[in-house]
Structures are given as C-alpha cells and as structure tokens.
Amino acid sequence: LSKKYDYDMIILGGGSGGFVSSKLAAGLGKKVALIEKNKLGGECTNSGCIPSKAFIKAARAFNEIRNLKNYGINIPENMKINQKNAIGYPQNIIKKVAKEHKADVLEKSGIVVYFGNPVFSDNHTIKIKGRTLSADKFIITTGSSPFIPPIEGINKIKYLTNEDFFNQKNLPKSMIVLGGGAIGIELAQSLNRLGVETTVVEMLDRILYKEDKGLAVILDENLRKEGLKILTKTKAVKLSEKNKKIILTVTDKNNNETILTADTILVAVGRKANIEGMDIENAQVKVNKKGIIVDKTLRTTAKNIYACGDVVGPYQFSHMAEYQAVIAVMNAFLPFKKKVSYNNVLWVTFTDPELAHLGLTEDEARNKYGKNIRVYKWGYNNIDRAVTDNTENGLGKIICKKNGEILGAHYLGQNAGDIIHEAQILKSLRHKLSDIQSVIHAYPTYADITRQMGKKAYIDKIMDNIFIKIIGKFRRKK
Ligand SMILES: Cc1cc2nc3c(=O)[nH]c(=O)nc-3n(C[C@H](O)[C@H](O)[C@H](O)COP(=O)(O)OP(=O)(O)OC[C@H]3O[C@@H](n4cnc5c(N)ncnc54)[C@H](O)[C@@H]3O)c2cc1C
C-alpha cells in the first residue's frame with residue numbers, strides 16, 4: 001500500500017464492472033474499497049438482465065404449455081395465466097442472485113464496502129457521508145440509467161422504465177412499449193404472451209436496427225404472428241393521461257397523427273451514462289454526451305483514474321463491463337498497458353427464438369468489403385434436432401472474407417445465444433470457418449449448424465485452391 005493513501009484502489013459502483021474490478025484488485029493483493037450508491041449487483045441483477053430473463057422464462061413457459069397440442073398433449077380449454085405470479089417470478093430470482101451480491105461476500109475477499117454518494121475533491125480524494133477517503137487509483141463504473149426522451153407531457157404522466165417494471169404488483173390489461181431495441185422487444189414479446197395487449201412504437205423503419213436485417217425481419221414477422229403489435233416509422237410526440245389511461249399521440253412518416261391508448265407505458269428508448277453528482281470535474285475526468293471519455297487502455301483524462309462498463313460504453317452489456325473491468329484493473333496496476341479490442345463483441349437478444357449477434361452484419365460487411373465476402377446460411381429446418389423439437393423456424397448466417405476469415409456470425413433460433421459461442425471461438429482465435437468442418441459434433445444437436453456452414457466454406461476453400469483450378473481448366477479443355 002502506498003503510505004500516502006487510505007486505499008490502493010477505490011471503485012465507484014457495485015454492478016457488473018464493480019464486482020469484477022474489486023475482486024480482481026483484491027486478488028492482486030491490493031487494499032480495495034468499493035462505494036455503491038444504491039443496491040449492490042447494479043442494473044444487471046436488480047432491474048436488468050436477471051429479472052428480464054426470468055420474466056421471459058415465465059412467458060415462455062406459458063407459451064410452451066399453450067403449444068403442447070403440437071406434441072399430442074391436450075390442455076384444458078379454459079387455461080388461465082396467473083399474471084400476478086408471472087410478474088412476481090423475477091423478484092424471486094433477483095433475491096436468489098442477490099445473495100451473491102451482498103457486502104459480506106465482497107468483505108470476505110478483503111474489500112471494504114461503503115454505501116453513499118461519493119463526491120470527488122481531487123483525483124485522489126473523495127468525500128462520502130462526511131468522511132474523506134483517498135486512493136492511489138480509482139475505477140469509475142457507475143453504469144447507466146434509462147434515457148427519458150423529451151416528449152411533450154412525459155413529465156406529467158406516470159410511466160414505467162426497467163427500474164420499476166419488475167416492481168409491478170400485477171400486469172395491466174394493455175401496455176405501450178416505447179422503443180423497439182433489445183430491452184423493449186424482449187419485454188414486449190413476454191408481455192404479449194402473458195395476455196397484455198402490447199404495442200411497440202419504434203421511430204426507425206425496423207425494430208432491432210443494430211441486428212442483421214435479414215434475421216431481424218424474420219423475427220419481426222414471428223412476433224407479429226404471435227399477436228404483438230409493432231408500429232415502425234412511428235414517432236411518439238405527445239403524452240397525457242385521462243381516466244387512468246395513457247394517451248399517446250404518434251405521427252407516421254407523412255406526419256399523420258394517430259392516438260394510441262393503454263393502461264401504462266414502458267419507456268425503453270436508450271440509456272444515459274451515470275456521471276452526475278460525483279463532481280468528477282474536480283478529478284479532471286472529462287465526459288462527453290456518451291459518458292466518460294477513456295483512451296484505449298480505459299484510462300480517463302485523469303492519469304490515475306480508469307473507467308469501465310455502461311458509463312463508458314460503447315457496448316452496454318454485462319459481459320462487456322466485465323471484459324473492460326479486467327483490462328482497467330490490470331492497466332491501473334501494471335506497467336505494460338493492454339488495449340481494449342472490440343473486434344469480437346457479441347451479444348444476444350433474448351427473444352423467443354433468440355437472436356445472437358457477433359461482429360459485422362451482412363450489410364456492414366458489404367459496405368466495408370464490397371463483393372469480397374461470402375455469406376453462408378443454414379436453416380434450422382436442416383438441423384435434425386430442430387426438426388425433432390419442432391423448432392425449425394430459424395437461420396444461421398456467417399459472413400466471411402473470401403479467404404474464409406470470419407467477419408460476423410448471426411443466429412436466429414432455439415439456443416442461438418449458446419450456439420454462437422462456437423463461431424466466437426473460431427473468430428476470436430482467428431480460425432477460418434472451414435476449420436470446423438472436421439471437428440466432431442454430437443448428433444443431433446443445434447451446435448451442428450456452425451459445422452454445416454463450415455462444410456460449405458471448406459468446399460469453397462478447395463475450389464479456390466490453385467491446383468484444383470488448374471486441373472478443372474485442363475479437364476474442361478479435354
Ligand atoms: C432490462 C435490461 C435487460 C438487460 N439484459 C442484459 C442481458 O441480457 N445481457 C447483458 O449482457 N446485458 C444486459 N443488460 C445491460 C446490463 O444490465 C448492463 O450492461 C450492465 O449492468 C452494466 O454494468 P455496469 O457495472 O457498467 O453498471 P451497473 O450494473 O448499472 O452498475 C453500476 C452501479 O453503480 C451504482 N452507482 C451509480 N451512480 C453511482 C455513484 N455516483 N456512486 C456510486 N455508485 C453509483 C449503481 O447504483 C449501480 O449499482 C440489460 C439492461 C437492461 C436495462
């Protein structure tokens with residue numbers, strides 16, 4: 001410990017980034033404190049990944065029961081959903097996961113936990129609840145909050161965000177979901193499945209605009225078939241409340257107005273970095289519109305302060321917060337600096353079926369490499385496991401350079417979020433797609449989909465071989 005300071009490192013924020021960085025720093029033998037303003041576990045545990053995935057599971061279970069007749073099982077005609085239990089289930093799961101996110105768990109690793117609102121005095125000192133604490137290094141990992149768009153009347157009505165969605169005691173009869181991104185669509189599908197009349201309002205021309213267009217369009221069709229209402233190219237312009245109903249005025253691309261009504265509205269249009277209230281300017285930490293400014297080593301504009309997670313971006317996922325946290329801690333303490341790389345970023349939208357995303361989409365790859373790409377596709381209808389499971393609705397797509405180097409991989413279908421990791425291993429370890437064709441896969445499994453695309457790539461590789469080309473030419477001449 002540097003004698004000058006109380007701690008080697010103080011970490012601000014006890015979410016995904018804060019847990020990983022504090023445990024790693026303590027593991028390196030450093031004296032560490034963590035300060036949390038609200039609840040340990042952060043967004044992911046308390047109002048993000050965990051409750052949303054639990055809610056999705058509840059809705060999915062009900063949907064599966066409804067479809068049992070596909071397997072020859074009769075279900076009672078008047079089967080009812082207990083909506084109260086469905087929205088209560090995520091709370092039980094939060095409690096289960098939060099057991100691992102208690103102060104005593106961190107304290108067992110030697111980390112001192114403080115609760116309160118830290119305010120920087122300078123780049124080595126903060127004040128919290130009247131106490132002054134100093135540290136050699138800091139990590140700021142204070143996460144993000146729902147962005148509330150400046151729609152006329154929004155401050156006069158009661159709206160939900162992910163922060164209070166899971167605290168509902170029961171589900172309403174109808175809900176408008178503002179925003180067709182991952183958070184909005186995951187929750188909207190589940191609400192609709194649980195019997196809530198749900199309408200998604202999206203300003204862009206399609207939902208899930210960051211996703212590969214081909215796959216997002218198939219998912220959109222699936223969702224509409226289930227009964228979810230999706231309005232694209234639709235802008236929310238005015239909100240009010242009448243007789244306990246939310247009234248939303250929207251406009252289409254020609255500026256024609258329509259009035260939508262519902263019992264409540266969920267706002268899920270984006271995130272904003274949590275940078276307020278810490279006086280970070282006192283520590284010479286600079287910010288921009290997106291959050292804290294960091295260099296490639298995750299160092300802020302103050303040389304002893306690093307930052308990671310949603311407060312930095314650009315990819316706001318738990319696994320990215322964890323990835324960055326390791327780099328931030330190592331760079332804070334070690335002389336050799338490691339740079340972040342976003343070449344192999346992946347994520348999953350946990351709709352049913354799941355939509356998994358790695359690297360470039362087909363459009364992005366075409367924009368960057370023109371015709372010098374190859375796109376391999378394999379339908380779930382050609383995967384025997386999907387046929388036996390009645391989950392044939394799905395598609396895998398892998399985009400490669402002409403030499404077989406993987407640029408992107410996208411899967412829509414059952415278990416897509418797990419399957420994608422085979423493509424991730426190939427891509428991250430710089431294997432060609434064709435390398436997987438000789439790797440033995442168990443039959444019948446969903447994972448085989450990547451090997452099937454690998455077989456196609458292998459054929460291309462053989463056909464590209466100069467000797468094969470010469471022999472082919474020679475034969476044609478004969
Ligand atoms: C509905 C929803 C579903 C999601 N699903 C997924 C998913 O399936 N997979 C996935 O990877 N990601 C998902 N995410 C995103 C994921 O939750 C975030 O990317 C992740 O939590 C970011 O971790 P973090 O440590 O940067 O921030 P957080 O987890 O938000 O932690 C930041 C912590 O800092 C605290 N804090 C804030 N200000 C201060 C301050 N001034 N001083 C001290 N502490 C402070 C906060 O209270 C919080 O505990 C989802 C998000 C939402 C909203």
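The values are calculated or read from the model by the stated rules, or taken from the named source; none is laboratory data. Since we're looking at a predicted model, the values are computed, not measured. In this analysis, Cβ positions are derived from the backbone assuming ideal geometry, glycine residues included, and neighbour counts consider all displayed protein chains. Each accessible area value is taken on the protein alone, full model and side chains, heavy atoms only, with ligands, DNA and RNA left out. Shrake-Rupley method; radii C 1.70, N 1.55, O 1.52, S 1.80 Å.
Considered as a group, the residues in region 253-273 that are in contact with a strand residue (DSSP E or B) (Cβ under 6 Å, 6 or more places away or on another chain) and buried (at least 23 other Cβ atoms within 10 Å of the Cβ) include one that is farthest from Asp205 (Cα to Cα), and that residue is Ala273.
Would you mention how many residues in region 1-15 are modelled with pLDDT of 95 or more, in contact with an Asp or Glu (Cβ under 6 Å, 6 or more places away or on another chain), in a loop (DSSP other than H, G, I, E, B) and over 20 Å from Gly313 (Cα atoms)? Selection size over region 1-15: 1.
When region 274-289 is filtered for residues that are open to solvent by less than 60 Å² (accessible area, probe 1.4 Å), within 11 Å of the ligand (Cβ to nearest atom) and assigned to a loop (DSSP other than H, G, I, E, B), the ones remaining, listed by number, are Asn274, Ile275, Gly277, Met278.
This table checks each residue for (1) within 14 Å of the ligand (Cβ to nearest atom); (2) surrounded by fewer than 22 Cβ atoms within 10 Å (Cβ to Cβ); (3) in a loop (DSSP other than H, G, I, E, B).
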| residue | (1), (2), (3) |
| --- | --- |
| Gly17 | yes, no, no |
| Gly29 | no, yes, yes |
| Glu43 | yes, no, no |
| Tyr89 | no, yes, no |
| Glu107 | no, yes, no |
| Gly110 | no, yes, yes |
| Tyr114 | yes, yes, no |
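Taking region 123-241 as the region of interest, the strands (runs of 3 or more DSSP E) fully inside it that hold 2 or more residues being open to solvent by less than 20 Å² (accessible area, probe 1.4 Å) are 125-128, 131-140, 144-146, 174-178, 197-201. Could you check, for region 100-111, whether at least one of its residues is of a type outside the set (A, V, I, L, M), in contact (Cβ under 8 Å) with a residue 12 or more places away in the chain and in contact with a Pro (Cβ under 9 Å, 6 or more places away or on another chain)? Scanning region 100-111 turns up no residue that is of a type outside the set (A, V, I, L, M), in contact (Cβ under 8 Å) with a residue 12 or more places away in the chain and in contact with a Pro (Cβ under 9 Å, 6 or more places away or on another chain).
For region 219-273, how many residues are among the charged types (D, E, K, R) and within 21 Å of the chain's Cα centre (by Cα)?
Residues of region 219-273 that are among the charged types (D, E, K, R), as a first pass: 220-221, 224-226, 229, 233, 235, 238, 241-242, 244-245, 252-253, 257, 263, 271-272.
Adding the requirement that they be within 21 Å of the chain's Cα centre (by Cα) leaves 220, 271-272.
Total satisfying the criteria: 3.
For the subset of region 319-342 comprising residues that are away from the ligand (no atom under 16 Å from the Cβ) and not in a helix (DSSP H, G or I), which member is farthest from the chain's Cα centre (by Cα)? Ranking the candidates gives Pro335 first. Quick one: is Val294 of a type in the set (A, V, I, L, M), part of a loop (DSSP other than H, G, I, E, B) and open to solvent by less than 70 Å² (accessible area, probe 1.4 Å)? So Val294 passes the test. Could you tell me whether region 203-224 includes any residue that is basic (Lys, Arg), closer than 21 Å to Glu36 by Cα and touching a strand residue (DSSP E or B) at 6+ places or on another chain (Cβ under 7 Å)? For region 203-224, residues basic (Lys, Arg), closer than 21 Å to Glu36 by Cα and touching a strand residue (DSSP E or B) at 6+ places or on another chain (Cβ under 7 Å): absent.
With respect to the conditions (1) in a strand (DSSP E or B); (2) within 16 Å of the ligand (Cβ to nearest atom), Gln316 lacks only one, and its number is (1).
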